[in-house]
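The values are calculated or read from the model by the stated rules, or taken from the named source; none is laboratory data. This is a predicted model, so every value here is computed, not measured. Positions of Cβ are backbone-derived with ideal geometry, glycine not excepted, and every protein chain shown enters the neighbour counts.
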Amino acid sequence: MDIIVCIKQVPGTTNVEVDPLTGVLIRDGVESKLNPYDLFALELAMQLNAADGGQTSVISMGPPQAGAVVREAIFMGAVGGKVVSDRRFAGADVLATSYTLSQGLRKMADFDLLICGKQTTDGDTGQVGAEIAEFLGLPHIGNVLAVEEIKNREIVVKVNLDSSIVRQKLPLPCLICTDGDINTPRLPSYRRKKEFNEASLVFISLEDFDDKDESHYGLSGSPTQVERIFPPEKNQEKQMFHGSGTELAANVYALLHEQKFVD
Amino acid sequence: MAYFKINQELIDPEKAALLKDICPFSAISSENGRLEISAACKMCKLCIKKGPQGVIELVEDEEITLNKDEWRGIAVFTEHNKGEIHNVTLELIGKARELALVTGHPVYALMLGSDIKEAAAKLLHYGADKVFVYDYPELADFKIDLYTNAFSDFINKVKPSSIMVGATNLGRTLAPRVAARQRTGLTADCTRLEMKENSDLVQIRPAFGGNIMAQIVTPKHRPQFCTVRYKVFSTPAPLEHFNGELVLLELLPEQLQSVYEILSIEEKPREVDISEAEIIVAAGRGLKSKDDVALIEELAKLLGGVSACTRPLVENGWFDPKRQIGLSGRTVKPKLIITVGISGSVQFVAGMRNSDCIIAINEAENAPIFDVAHYGICGDLNEIIPQLLEMIRGEQEHGL
Ligand SMILES: Cc1cc2nc3c(=O)[nH]c(=O)nc-3n(C[C@H](O)[C@H](O)[C@H](O)COP(=O)(O)OP(=O)(O)OC[C@H]3O[C@@H](n4cnc5c(N)ncnc54)[C@H](O)[C@@H]3O)c2cc1C
Ligand SMILES: Cc1cc2nc3c(=O)[nH]c(=O)nc-3n(C[C@H](O)[C@H](O)[C@H](O)COP(=O)(O)OP(=O)(O)OC[C@H]3O[C@@H](n4cnc5c(N)ncnc54)[C@H](O)[C@@H]3O)c2cc1C
Ligand code: SF4
């Protein structure tokens, strides 16, 4: 079973703040990392390979630096990966990102299964997987807890719906998005790091795609526009109480009584 | 199309460094004096607004013409389990009615399933002007291909201007599939929605783990699509008088052919669901020992509510993970929440900021929880809670 996992490079920390006056994001530390949710997707792929054979490659759209996360995936066990990178992809929203990735995926070797993570820690929409599947015309399924069986070009998965756990069967090739922490991702292997071959990491751009119409990518291909970003607002009408423990307990009691939470 | 124009001749190393600093997504780099914007760019436009004047410009040279008047109505996707309607649907219909006041658009609900006409009629009580129903045995269970077909069919026939979907696991799986088929935008997990008179929907959502808010519009595409989490908006009261109607829509046989086969459905056991609770007492790391948990539980019980907690108390095993409030836990919107020894991290607050009444007990005057609390009680929980319990039990004078 040949698998491709979609992975994204995200900021190393979500501890960003917006300066309320200038609207500029203040970040402590600028380093990037592999989206933690994608580690579960990668681990699932490696386990499926171990059980059923085949190999896993990865694809990532982002700036050239995203090569770092592809390398990390290769150290974990992927055989190779592509970074989809082009200035003209700048400003992509979910629709444009998914379309770009679907174009990139069409340029990769045939696969049986695509795996995406649940969501990212920056954009945090959890929508990219489903949209890639739509663009590729593949069935997809989200919140996958486990792959139970692969037989006769069909896959049986266990899905976490809101009030139930549903087991369902769908034909390959298809796309699945993993649920939260469904496994314990392996660490990058030192041996694979030493054996790393630069040729396993390939960069592709718009010129390599079937659809070279720039207006389908980046900002132009994005229906949503981020108008502004701002810090979460604070509550202005708070009332503060100070005093001894007894006084404060009486204050809380009075509040509860006033609002009829206690008689 | 729109693109960035970089006026390279205006760039000096100082300006390049400034721009690199401004860009929150590390999308700007410079090499040999040439500035480049990479695919990491998120179009926040800060480089244009905050950067040196004129260096980076946004050029829009082609207007896509969209006749917004062709798209009318605010539609809500109905989430249900065999006709039992999920409350998030009612919350969204309530919000849709509010938004519709601005544009005078009708409010629609869309319901897919088998044998659901009776259930669908209930939505009329909440103020839907029309409830569109696809009632087929094939739609009894959630099959993504069939649901996408029906949802798209509805959009093509009815042409709603805005669509809201509850951000449940089902909604999050279905909405992006439909949005991609319609080649339109989808804004995830909105916490605030506003309507402009020209029917543009202003969508506000948290990102970066709740650390920042983003305001997002879909000005050149219809329908405008968003998902909203459960408990973000309030449930409207049912109306006494209503005059909406049920409309049955039909699918072609080929639209009802699925490649998915459901093998089994196992209902999850119903447990205490803190997101349903009206009264919550939430404990944080200010609790010094596991024995203190009993005090929190007693307070919750006396108030007729449930106990909940922050993530560290799940990690140390004092509480069940289902009791965790926050970004990686549950979102709650109770009538009353008392937080005890909780600092108020953005991740925690993201899960409870919409509560009707927030009373925060914390000994640190500058604890961020006081920024969201309606009532801040600045003191030691070990002194306050035992005495409060005595007062409620009637064992101590409460000075009233
Ligand atoms: C503050 C903010 C808010 C935003 N809100 C929205 C919004 O509501 N709607 C919208 O359309 N856009 C939004 N965007 C833009 C959006 O973040 C980006 O378009 C991004 O490409 C969408 O992916 P995500 O991070 O949400 O990924 P998710 O959909 O959360 O990712 C799910 C999975 O898809 C795969 N994946 C995602 N991105 C990539 C990639 N680049 N390469 C390879 N695999 C990938 C991974 O497997 C990942 O686990 C927002 C951007 C910002 C900065
Ligand atoms: C990606 C991510 C997701 C996360 N998701 C969640 C989530 O869903 N939910 C969540 O809760 N956290 C989450 N966290 C963790 C979060 O960042 C905080 O670490 C956590 O919320 C802090 O919990 P706390 O308020 O109980 O503890 P602390 O921050 O340690 O606060 C304890 C507070 O108790 C006060 N205190 C101490 N002693 C007393 C006393 N005697 N009387 C009165 N007050 C006292 C202190 O002043 C302090 O403010 C997440 C973190 C990350 C990185
Ligand atoms: S628009 Fe925002 S993300 Fe894009 S280059 Fe400018 S500052 Fe960076």
(message) For segment B:155-176, which positions are more than 14 Å from the chain's Cα centre (by Cα) and among the hydroxyl-bearing types (Ser, Thr, Tyr)?
(response) B:SER161, B:SER162, B:THR173
(request) For B:ASN7, state whether it is polar (S, T, N, Q) and either touching a residue at least 40 places away in the same chain (Cβ under 8 Å) or within 16 Å of ligand 2 (Cβ to nearest atom) (or both). (result) yes
(request) Run down B:GLU91, B:GLU84 and say which single residue is in the same structural domain as B:ASN169 (by TED's automatic domain parsing), loosely packed, with under 14 Cβ neighbours inside 10 Å, touching a residue at least 24 places away in the same chain (Cβ under 8 Å) and away from ligand 1 (no atom under 16 Å from the Cβ). (result) B:GLU84
(message) Can you tell me which residue is nearest to ligand 3 (Cβ to nearest atom) among those in segment B:31-57 that are facing chain A (nearest Cβ under 10 Å) and part of a strand (DSSP E or B)?
(response) B:ILE37
(message) Considering only segment B:36-53, I want to know if a residue exists there that is surrounded by 12 or more Cβ atoms within 10 Å (Cβ to Cβ) and either of a type in the set (Phe, Trp, Tyr) or assigned by TED's automatic domain parsing to the domain that holds B:ALA237 (or both).
(response) no
(message) I'm trying to understand the selection: among the residues of segment B:296-310, which are part of a helix (DSSP H, G or I) and either modelled with pLDDT under 90 or surrounded by 20 or more Cβ atoms within 10 Å (Cβ to Cβ) (or both)?
(response) B:ILE296, B:LEU299, B:ALA300
(message) Could you check segment A:225-256 and list, in sequence order, the residues that are over 30 Å from B:ALA207 (Cβ atoms) and either small (Gly, Ala, Ser) or away from ligand 2 (no atom under 16 Å from the Cβ) (or both)?
(response) A:GLN239, A:GLY243, A:SER244, A:GLY245, A:ALA249, A:ALA250, A:TYR253, A:ALA254, A:LEU255, A:LEU256
(request) Take B:ILE385 and decide whether it is assigned to a helix (DSSP H, G or I), at the interface with chain A (Cβ under 9 Å from one of its Cβ atoms) and either buried (at least 22 other Cβ atoms within 10 Å of the Cβ) or at pLDDT 95 or above (or both). (result) yes
(request) Could you name every one of the strands (runs of 3 or more DSSP E) located completely within segment B:194-235 that has at least 3 residues being within 16 Å of ligand 3 (Cβ to nearest atom) and β-branched (Val, Ile, Thr)? (result) B:212-217
(request) Select, from B:ASN354, B:ASN362, the only residue that is at pLDDT below 95 and more than 8 Å from chain A (Cβ to nearest Cβ). (result) B:ASN354
(message) For the condition within 16 Å of ligand 1 (Cβ to nearest atom), in contact with a helix residue (DSSP H, G or I) (Cβ under 7 Å, 6 or more places away or on another chain) and assigned by TED's automatic domain parsing to the domain that holds B:ILE279, what is the one hit in B:LEU327, B:LEU295?
(response) B:LEU327
(message) Here's a check for you: in segment B:30-48, which residue that is of a type in the set (Lys, Arg) and modelled with pLDDT under 80 is farthest from ligand 1 (Cβ to nearest atom)?
(response) B:LYS45
(request) Could you tell me which of the residues B:ILE342, B:ILE338 is in a strand (DSSP E or B) and either crowded, with 22+ Cβ neighbours inside 10 Å or within 14 Å of another protein chain (Cβ to nearest Cβ) (or both)? (result) B:ILE338
(message) Can you confirm whether A:THR184 is part of a helix (DSSP H, G or I) and either more than 23 Å from B:THR168 (Cβ to Cβ) or at pLDDT 95 or above (or both)?
(response) no
(request) Considering only segment A:22-111, give the strands (runs of 3 or more DSSP E) lying wholly within it that have at least 2 residues that are out of contact with any Cys (no Cβ under 8 Å at 6 or more places or on another chain) and over 29 Å from B:THR218 (Cβ atoms). (result) A:32-34, A:56-61, A:80-84
